[in-house]
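What follows draws every value from the coordinates through simple rules; no lab data is involved. Fair warning: this is a prediction, and the values are worked out from it, not measured in the lab. Cβ sites come from the backbone with ideal geometry, for glycine too, and all protein chains shown count toward neighbours.
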Amino acid sequence: MYFTFFDTRKELTQRISYLLVCTALAGAYGGLLADGIGFLNGKSGMKGWRWIRVTEGLPAIVLGPAAYFFLADSPEEEGYLSEEEKRFVVARREREVTQTSSAQEFHWGDVKKCFLDWKCWALYDSFPKKIYYSYRVVDLITAVHSGNSELTLCSTVPPPPLLTLL
């Protein structure tokens, strides 16, 4: 949602596509990273799984509060933009056909529409199933490799030729 304050629709779709690609790559290679971090087992008296939690959780713990304080609510409030850049961002967004002053504001009625839309509920219903089946795949790989965690983590990484088909 933050991107909508600064980017046009065309730019927004491009940014979201980058985000989705990065999410897919993180999911694909997260097991390999976890395997590498697992080799820290015993360092500083912590087990490997704890190192994984620390290295994956620490950026979120540090950057979450920082984002709250440093990200502006609108281009007009952004501190690192000059006055000319602020006017440019606002004017560029206002040139879009569907942009109105009302569209730039938050409305509880829009939230209500979302909760009453059957498509949102269909998406909500499908999401837990996707998570469940993705964990089932990890369980299957673990069973095949007889509990060998290093082999299991590395088996979640897709081969590069498979990535070209995605």
Subject >> By average C-beta atoms within 10 angstrom, highest first, the peptides 57-70, 75-88 >> reply: 75-88, 57-70
Original post:
Using a Förster distance of 22 Å, how high is the FRET efficiency between Ala66 and Tyr18, based on the Cβ-Cβ distance and rounded to 0.05?
Top reply: 0.55
**OP:** Figure the gain on full extension for Phe115 and Leu81 (residue separation times 0.36 nm, minus the Cα-Cα span) and round it to one decimal in nm.
**Re:** 8.6 nm
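Among the chymotrypsin sites (Phe, Trp or Tyr not before Pro) within segment 7-41, which fall in a DSSP loop and have no more than 13 other Cβ atoms within 10 Å of their own Cβ?
When the chymotrypsin sites (Phe, Trp or Tyr not before Pro) of segment 7-41 are filtered for loop state and at most 13 Cβ neighbours within 10 Å, Phe39 remain.
Regarding segment 1-64, what is the average projected area of its C-alpha convex hull, in nm²?
5.4
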